[in-house]
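*Asks:* There's a structure below that I have some questions on.
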Amino acid sequence: MTKLTKTERQQRLQAILNDNPFLTDEALSQTFNVSIQTIRLDRLERNIPELRERIKDVAYQNRDEVKALPIDEVIGEIIELQLDKIAISIMDIQEDHVFHRNKIARGHFLFAQANSLCVALMDDEFALTAKSEVTFVKPVKLSDRVITKATMVDKKNNRAVIEVVSTVKQRIVFTGLFEMYYVSEGENNG
């Protein structure tokens, strides 16, 4: 990238973050070949919030209301939710998610993120996991950001099939096929 003026860099920064608000200051500093501090100052001057706030803003703009479980029981942070269609969540791997000796994430955290996202995706008051087939493709490490996408494949006769793909830096680390049991509001379950 050729050297940009401060104004050009800030305008380009704004455009890039409008397209992808999930970029870190570190990634942006590499993109523009400037220091992280320069990116932070540019964001401040343009009133662009830090990453955590951008994630929250996107989450509230692109989200239906979760029905099948309380939002605080979802593992990871939901950034998009279209009930019975698609859901996306982000989870940053922290110290308590990893094995201490090798800093690799414990598999049950990746499973929990995927599983709770499947429950959140359901446009039903009651949903449980009936069956799952998962594959851990690649180890996830401390400080990795796991982006998980759940897509509804089929839904009928109180069973839904949901495909899940988790990535780190756009590389697949986890896949799963979840079969969910559900009871729609008003259905007689007894």
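The values are calculated or read from the model by the stated rules, or taken from the named source; none is laboratory data. Just so we're clear, the structure is a prediction, and the values are computed from it rather than from any experiment. Virtual Cβ from ideal backbone geometry, glycine too; neighbours counted across all protein chains shown.
*Asks:* Say we look at the stretch 164-174 and pick out the residues that are farther than 24 Å from Glu26 by Cα and buried (at least 22 other Cβ atoms within 10 Å of the Cβ); which of these is farthest from the chain's Cα centre (by Cα)?
*Replies:* Ranking the qualifying residues of the stretch 164-174, first place goes to Phe174.
*Asks:* What number of residues within the stretch 139-148 satisfy the criterion of being surrounded by fewer than 17 Cβ atoms within 10 Å (Cβ to Cβ) and not hydroxyl-bearing (Ser, Thr, Tyr)?
*Replies:* Taking the stretch 139-148 as the starting set, the residues that turn out to be surrounded by fewer than 17 Cβ atoms within 10 Å (Cβ to Cβ) are 139, 141-143, 145.
Cutting the leftovers down to not hydroxyl-bearing (Ser, Thr, Tyr) gives us 139, 141-142, 145.
Total satisfying the criteria: 4.
*Asks:* So, one more: Could you say whether any residue in the stretch 8-31 is among the polar types (S, T, N, Q), over 25 Å from the mean Cα position of the chain (by Cα) and not in a helix (DSSP H, G or I)?
*Replies:* At the first step, the residues of the stretch 8-31 found to be among the polar types (S, T, N, Q) are 10-11, 14, 18, 20, 24, 29-31.
Next, from what is left, pick out any that are over 25 Å from the mean Cα position of the chain (by Cα): 10-11.
This time we only want the ones that are not in a helix (DSSP H, G or I), so: none.
Looking through the stretch 8-31, none of the residues is among the polar types (S, T, N, Q), over 25 Å from the mean Cα position of the chain (by Cα) and not in a helix (DSSP H, G or I).
*Asks:* Hey, does the stretch 150-163 have a residue that's in a helix (DSSP H, G or I), closer than 25 Å to Ile55 by Cα, within 16 Å of the chain's Cα centre (by Cα) and touching a residue at least 24 places away in the same chain (Cβ under 8 Å)?
*Replies:* Quick first cut of the stretch 150-163, residues in a helix (DSSP H, G or I) only: none.
No: the stretch 150-163 contains no residue that is in a helix (DSSP H, G or I), closer than 25 Å to Ile55 by Cα, within 16 Å of the chain's Cα centre (by Cα) and touching a residue at least 24 places away in the same chain (Cβ under 8 Å).
*Asks:* Can you pull out the residues in the stretch 101-142 that are outside any helix (DSSP H, G or I), under 21 Å from Ile79 (Cα atoms) and modelled with pLDDT under 95?
*Replies:* Met122, Asp123, Asp124, Glu125, Ala127
*Asks:* Of the conditions (1) within 19 Å of the chain's Cα centre (by Cα); (2) under 20 Å from Tyr182 (Cβ atoms), Ala127 satisfies every one except a single condition; which number is it?
*Replies:* Every condition holds for Ala127 apart from (1).
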